[in-house]
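Undergrad: I am attaching a structure below and will ask some questions about it afterwards.
The values are calculated or read from the model by the stated rules, or taken from the named source; none is laboratory data. A quick note: this is a predicted structure, and the numbers were derived from the prediction, not measured. In this analysis, Cβ positions are derived from the backbone assuming ideal geometry, glycine residues included, and neighbour counts consider all displayed protein chains.
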Ligand code: AMP
Ligand code: GLY
């Protein structure tokens, strides 16, 4: 089968890596991909906001399945346009992608379906929001309703911080995403991510992972898209996984179906493991980045039939096999990220870093020029390793990091610390 994979990050290199192993893959196209995924698929220049152009490309190249990596084209409705043209698409419809695109929509669904989540209220003006906050205990969480590239959340430790966050939102700090504000109770606990495939009716649990959102060691510094991850997350015991499926995932999938917006694709639940059990922080309508990289390092089943069955609505026939190994990925980012950074520096040592069969370097923001690999983004490489335990995977990943010659980049040196601590307790 010919496949078109949309996206250019580490997540899409990981999906390309999974797809490239599939016996049923004929030709893979990546739009636009990066220097890593372009070694596994043919790059295509497509404006993914131009749905007509994407459909024409699919028709001309006998594309049987389009896999959409990032959230923006999903929220923009690319899957609806593809389906209307009889092209199979992996990813939710525009209305179902509101699970990621609108925090208020998700909170309202949780309320209706009795899904455990932080108590909340939503507002379309600053004065009502402030009057509400004045009555609430601190800390409190202020969120822009829409997509804000992970930056629209403020955890305010006191009233004045909360008031500033509300003003920022309504003053346009997050553009249209801040036209509504969701205010949430602060939940205490450890965070974990859980991924499932769903075709709108059937659910196929994938795996657990833990991300590291802050830029620097010890979970300090500014928030980022994610500086490293591992899977499985040992904090997610099988009891917690079952509880999450029964109390969070199943009612979500049922609620979406009942309201006429069945969710098809990968559902990524961001969870807070509180004293009262797992509670939903947020949903994403796509694979996590860099969580997808560790999932793909552990997946033993053929990825392509799993994704096409999700798109076709035949997930009930499918099963996913996972390696018992732990996979861990360290993000190497350009100096300055998540603030301003330079592009164009040369990256060396990539072959040496991957000499061990248990390591693989997924590319994120890279480009190939004159036989060299150049940095072309904020998060640039995802140095990934498998091991028998988290410590083992961590040692291998950092040994690979140390073989990479890229003075213009940095990484955290403590990815996996929570799980290592748990392992060694
Ligand atoms: P979100 O974009 O909704 O995932 O929020 C970003 C981060 O803010 C999460 O990963 C949590 O660390 C934190 N967060 C969000 N909502 C809450 C909450 N209600 N209580 C505590 N922490 C939260
Ligand atoms: N790593 C967090 C995310 O993909 O949203």
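Undergrad: Given 277, 288, which one is within 16 Å of ligand 1 (Cβ to nearest atom) and at positive phi? Steps first, answer last, please.
TA: Values: 288 fails: at positive phi.
Exactly one of 277, 288 is within 16 Å of ligand 1 (Cβ to nearest atom) and at positive phi, namely 277.
Undergrad: Among (1) in contact with a helix residue (DSSP H, G or I) (Cβ under 8 Å, 6 or more places away or on another chain); (2) more than 16 Å from ligand 2 (Cβ to nearest atom); (3) in a helix (DSSP H, G or I), there is one condition residue 292 misses while meeting the rest; what is its number?
TA: Result: residue 292 passes all but (2).
Undergrad: Give just the number: which of (1) within 16 Å of ligand 2 (Cβ to nearest atom); (2) buried (at least 23 other Cβ atoms within 10 Å of the Cβ); (3) closer than 17 Å to residue 9 by Cβ does residue 30 not satisfy?
TA: Every listed condition holds for residue 30 apart from (1).
Undergrad: Also: Across the range 125-150, what is the total count of residues that are in contact (Cβ under 8 Å) with a residue 12 or more places away in the chain and over 23 Å from residue 280 (Cα atoms)?
TA: Matching residues across the range 125-150 total 4.
Undergrad: Can you find a residue in the range 317-339 that is in contact (Cβ under 8 Å) with a residue 40 or more places away in the chain, surrounded by fewer than 21 Cβ atoms within 10 Å (Cβ to Cβ) and within 16 Å of ligand 1 (Cβ to nearest atom)?
TA: yes
Undergrad: Tell me, please, whether a residue that is at pLDDT 95 or above and under 22 Å from the mean Cα position of the chain (by Cα) can be found in the range 51-64. Steps first, answer last, please.
TA: Filtering the range 51-64 for residues at pLDDT 95 or above gives 51-64.
Still in the list and also under 22 Å from the mean Cα position of the chain (by Cα): none.
No - not one qualifying residue is present in the range 51-64.
Undergrad: Taking residue 303, is it over 22 Å from residue 412 (Cβ atoms), within 16 Å of ligand 1 (Cβ to nearest atom), buried (at least 21 other Cβ atoms within 10 Å of the Cβ) and at pLDDT 95 or above? Break it down stepwise before answering.
TA: Working: over 22 Å from residue 412 (Cβ atoms): yes; within 16 Å of ligand 1 (Cβ to nearest atom): no; buried (at least 21 other Cβ atoms within 10 Å of the Cβ): yes; at pLDDT 95 or above: yes.
Against the criterion (over 22 Å from residue 412 (Cβ atoms), within 16 Å of ligand 1 (Cβ to nearest atom), buried (at least 21 other Cβ atoms within 10 Å of the Cβ) and at pLDDT 95 or above), residue 303 does not qualify.
Undergrad: May I ask you to list pairs of residues, at least six apart or on different chains, whose Cβ atoms are under 6 Å apart, with the first in the range 154-171 being over 8 Å from residue 139 (Cβ atoms) and the second being within 16 Å of ligand 2 (Cβ to nearest atom)?
TA: Close Cβ pairs satisfying both conditions: 169/144.
Undergrad: Need a quick list: strands (runs of 3 or more DSSP E) entirely within the range 177-253 having at least 1 residues that are within 14 Å of ligand 1 (Cβ to nearest atom) and surrounded by fewer than 19 Cβ atoms within 10 Å (Cβ to Cβ). Don't jump to the end; show me each part of the working.
TA: On the way: elements: 181-185, 190-198, 203-211, 214-216, 220-223, 228-231.
Qualifying strands (runs of 3 or more DSSP E): 181-185, 190-198, 214-216, 220-223.
Undergrad: Check off (1) assigned to a loop (DSSP other than H, G, I, E, B); (2) more than 28 Å from residue 66 (Cβ to Cβ); (3) within 16 Å of ligand 2 (Cβ to nearest atom) for residue 286 and give me the number that stays unchecked.
TA: So the condition that residue 286 fails would be (2).
Undergrad: Just to be sure I understand, how many residues within the range 254-265 are part of a loop (DSSP other than H, G, I, E, B) and within 22 Å of the chain's Cα centre (by Cα)?
TA: First pass over the range 254-265, keeping only residues part of a loop (DSSP other than H, G, I, E, B): 259-264.
In the following step, the residues that additionally are within 22 Å of the chain's Cα centre (by Cα) were identified as 261-264.
Total satisfying the criteria: 4.
Undergrad: Moving on to the next point. Checking residue 385 against (1) surrounded by fewer than 21 Cβ atoms within 10 Å (Cβ to Cβ); (2) assigned to a strand (DSSP E or B): exactly one of these is not met. Which one?
TA: The failed condition is (1).
Undergrad: Find all pairs meeting these conditions: Cβ atoms under 8 angstrom apart; at least six residues apart or on different chains; first residue within the range 179-192 and on the phi > 0 side of the Ramachandran plot; second residue within 16 Å of ligand 2 (Cβ to nearest atom) and modelled with pLDDT of 95 or more.
TA: What qualifies is 189/272.
Undergrad: Considering the range 266-279 alone, what residues qualify as being touching a helix residue (DSSP H, G or I) at 6+ places or on another chain (Cβ under 7 Å) and either more than 14 Å from ligand 2 (Cβ to nearest atom) or in a loop (DSSP other than H, G, I, E, B) (or both)?
TA: Passing the criteria: 273, 277, 278.
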